[in-house]
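Heads up: the structure comes next, in structure tokens.
The values are calculated or read from the model by the stated rules, or taken from the named source; none is laboratory data. A quick note: this is a predicted structure, and the numbers were derived from the prediction, not measured. A quick note on method: Cβ atoms are made from the backbone with ideal geometry, for glycine too, and the neighbour counts reach across all protein chains shown. Surface areas here come from the heavy atoms of the whole protein model, side chains and all, with no ligands, DNA or RNA. Shrake-Rupley method; radii C 1.70, N 1.55, O 1.52, S 1.80 Å.
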Amino acid sequence: MCKMETAATTTAADVHHDRHVLKQPTKVLLTLSNVLLPKEKLTSTPSMIDGLDFETEVDLRIVGCEWIQTAGILLKLPQVAMATGQVLFQRFYYTKSFVRHPMEITAMACTCLASKVEESPRRIRDVINVYHHIRQVLNQKLITPLVLDQNYVQKKTQVIKAERRVLKELGFCVHVKHPHKLIVMYLQALGFEKHQSIMQMSWNYMNDSLQTDVFVQFDPETIACACIYLSARKLQIPLPKSPAWYSLFNSNETDIQDICRKILKLYMRPKVITEDLERRVEELKKEYDHAKEKARAAIVHPIIQTEVVPPPPTNGVTAAASENISSTTPNKKPIKKRSRSRTPPSETKSGSRSPRHLKKSKKRNHERSRSKSISDRRTHKQHRKSNKNRKRYSSSSSGSSSSSGYRRHKSSTNNKLVPTYRDYKDYRDYRGDENYKSKSRSYNYWKKYYSYE
């Protein structure tokens with residue numbers, strides 16, 4: 001298990017400065033003793049508790065590991081990453097059930113996590129595409145690309161959540177010590193480094209053993225010795241017996257033979273159909289969901305009854321008194337007066353403004369804007385009177401102009417009377433008239449006639 005050791009050493013500076021003690025950084029020692037499960041844990045798995053039989057669970061483990069291996073080949077992952085994904089897959093389903101967590105989503109999550117652990121990450125989209133292709137090949141369907149629709153987004157979210165769940169259940173201890181290098185080292189110690197056949201066969205047996213539960217029961221040194229032992233028996237290559245060669249690597253013959261039996265049983269199992277396994281798991285999942293809803297309803301139902309049914313009266317006097325009280329005073333909620341303040345009374349401060357003050361401020365602002373417009377008109381009128389250089393149009397020059405409201409346009413040279421905007425009730429009327437001539441008021445014009453001196 002993960003152990004943490006801290007060491008504090010004193011230096012020469014600590015003697016003079018007792019307040020500032022220098023400490024070494026903490027050392028974290030990771031061991032593999034926490035990943036080996038006892039036999040009691042192997043016999044009663046969470047899937048068996050949920051009603052799944054032993055043979056179906058073994059088949060699901062084999063299928064899931066095969067998918068991880070195939071996906072790793074298609075994704076061009078190193079063999080160490082594929083082995084890590086399969087070991088994480090095996091460990092996870094000894095803490096969770098196949099009925100509650102789908103096998104395919106967990107296999108995708110273990111593939112993504114193993115690629116990150118072994119420093120060769122792959123995108124989740126690529127992993128989902130590969131597993132989609134594998135399922136089409138297994139079901140012998142037409143190979144079609146994955147459609148990026150709502151189902152794809154939902155599956156991607158499930159894979160991300162499953163990856164977090166795997167990390168949580170394994171306690172973030174995802175380091176796996178593989179026997180790949182150990183096989184090469186042991187064969188070099190035995191003098192078979194140039195014997196390619198026994199090395200390749202031992203390597204193959206080790207990769208196939210990932211589909212079994214030997215990596216959660218035995219150390220990697222024992223697994224490496226078992227693969228060499230089985231390959232030597234298959235190729236009829238003699239190995240030292242006195243003393244036994246596996247005793248040099250801290251292994252015993254009982255464990256080696258047990259691992260060999262598990263590997264050989266793997267080749268004797270019949271080929272299973274994935275759809276049948278998924279159908280069994282789906283039936284158990286429906287039963288589990290139904291039982292869960294039934295248990296939830298049984299818990300909620302008595303709570304509702306206790307809330308609705310009132311307690312019985314103790315005697316007749318209290319019952320009559322309660323009836324009289326209920327007849328005289330109807331069961332009405334007290335009417336709360338609405339507070340005039342906009343903020344609740346708990347949030348009001350001592351210096352906050354009252355609603356009456358807000359109304360006054362609104363009225364004051366309105367009067368201020370109105371007085372400003374009136375003052376502008378007055379100043380404008382005063383400046384018109386004070387400006388002597390401005391041309392004035394007397395009413396005696398043309399009686400028709402004063403009566404009809406026409407005036408001479410300043411830009412016109414022929415002193416023609418043109419209608420102004422005062423002769424029209426609506427803006428659209430005088431803008432649409434052809435006789436109306438509008439002159440753009442530039443900055444200099446306004447500065448000349450409306451400058452406040």
message: Taking just the alpha carbons, could you work out the radius of gyration and Dmax for the range 55-123, both in angstroms?
response: 11.4, 35
Theoretical FRET efficiency, 1/(1+(r/R0)^6), r = Cβ-Cβ of residue 44 and residue 148, R0 45 Å, to 0.05: 0.60
message: Can you sort 172, 215 by solvent-accessible area, 1.4 Å probe, largest first?
response: 172, 215
- prompt: Roughly speaking, what is the stretch gain from residue 241 to residue 169, that is 0.36 nm per residue apart minus the C-alpha to C-alpha distance, in nm to one decimal?
  reply: 21.6 nm
- request: Could you sort 38-47, 176-185 so that the peptide with the highest average Cβ count within 10 Å comes first and the rest follow in order?
  value: 176-185, 38-47
Heavy atoms of residue 143: accessible area, 1.4 Å probe, square angstrom to 10: 90
- prompt: Ranked from the most accessible area to the least, with a 1.4 Å probe and all protein chains present, what is the order of 37, 142?
  reply: 142, 37
- line: Residue by residue through the range 69-82, the couplings from Karplus 6.51 cos²θ - 1.76 cosθ + 1.60 with θ = phi - 60°, in Hz, x for Gly and Pro, are 5, 5, 5, x, 5, 5, 7, 6, 8, x, 5, 5, 5, 5
Neighbourhood charge, 15 Å Cβ-Cβ cut-off, centred on residue 117 and excluding it, Lys, Arg +1 and Asp, Glu -1: +2
- prompt: Roughly how much of residue 255 is accessible, in Å² to the nearest 10, using a 1.4 Å probe?
  reply: 50
